[in-house]
1. Length gain on complete extension for the stretch residue 98 to residue 170, per 0.36 nm per residue less the alpha carbon to alpha carbon distance?
2. In what sequence, highest mean first, do 87-94, 187-194 appear when ranked by Cβ atoms within 10 angstrom?
3. What trypsin sites (Lys or Arg not before Pro) does region 161-212 have in DSSP loop regions with at most 10 other beta carbons within 10 Å?
4. What does the C-alpha gyration tensor say about the overall shape of region 55-127? Classify as rounded when a/c is under 1.5, otherwise prolate if a/b is larger than b/c, or oblate.
5. What do you get for chymotrypsin sites (Phe, Trp or Tyr not before Pro) in region 62-130 restricted to DSSP loop and a cutoff of at most 16 other Cβ within 10 Å of the site's Cβ?
6. Rounded to two decimals, what is the ratio between the C-alpha radius of gyration of region 92-214 and 2.2 N^0.38 Å?
7. Please list the non-local residues whose amide H lies under 5 Å from the amide H of residue 190, H modeled 1.01 Å from N, same-chain partners needing a gap of 5 or more.
8. Are there GluC sites (Glu not before Pro) in region 48-121 that DSSP puts in a loop and that have at most 11 other Cβ atoms within 10 Å, and which ones?
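What follows draws every value from the coordinates through simple rules; no lab data is involved. Keep in mind that what you see is a predicted model, and the values were worked out from it rather than measured. No Cβ is skipped: glycine too gets one built from the backbone with ideal geometry, and neighbour counts run over all protein chains shown.
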Amino acid sequence: MKIQARFAGLIFISVFIISLAGCGGQGTRSSGSNEGDRYLNAGIQKLSEKKYDDAVRYFYKVAEIDKGDSRASYGVARCTLEKYKFLLSGAQSADGGEKNTIVKVYGDFVAMLEKKDWKGITGSVSALSVLHGSGTLVTDDASLRTSLDAYLGLITSATMNIYLKSLAVDGVRVKGNVAEVKLKMAGGSATDEVYLIRDKGRWKIALFTGSIVTGGAK
């Protein structure tokens, strides 16, 4: 079975994240807006400068002008992924107790997804980060709760469960309070990754998974 076919079911997760052709503005919008384009270009510029939080603020402004502009969603998701990649620049492979701890956090999280343990899942994620990683913009507490519920529904789907069972941990990298769990399909070359952050001494899922942003496993 081809890799594309194996992951076809994942497309529904990231259908709203439209590629910008290298963040060059090829996403879709519901109506034209010169002001929106200016904010979009400012966001792209901040992204290129690795000023990720500033970039996210500009992409939010794009959405304020036109809620149907999918370029804002993609921009926020891309910023989230690139931020964690940047924070892990030069990171060393983890081993020993630290690696075992992070692998256990990931494994426990996957088990919670399969059981649909809503309370456990909610307590194991950095809510705003995982939502940003999925291209979801949050404007207030009510939208946070609604968006998180929708996100949890997606990541506990049967399709995601099948996908995760096809992957095995292929390494862990850590730098400071950020970690990456590398995943690889058994018997194949496709890879994915999950990012975690350490919050008050506890590791939490921060972006799940990288393929949500990129539109498919690599």
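1. Details: separation 72, 0.36 × 72 = 25.92 nm, distance 1.51 nm.
In short, 24.4 nm is gained.
2. On the way: 87-94: 13.0, 187-194: 17.1.
Descending mean neighbour count gives 187-194, 87-94.
3. Values: sites: 165, 173, 175, 182, 184, 198, 200, 202, 204; in loops: 200.
Sites meeting the loop and neighbour criteria: 200.
4. oblate
5. Details: sites: 74, 84, 86, 106, 109, 118; in loops: none.
Passing sites in region 62-130 do not exist.
6. Numbers: Rg = 14.1 Å, N = 123, 2.2 N^0.38 = 13.7 Å.
So region 92-214 has a normalised radius of gyration of 1.03.
7. Amide H neighbours of residue 190, under 5 Å, 5+ apart: 185.
8. Working: sites: 49, 64, 82, 98, 114; in loops: 49.
The qualifying sites are 49.
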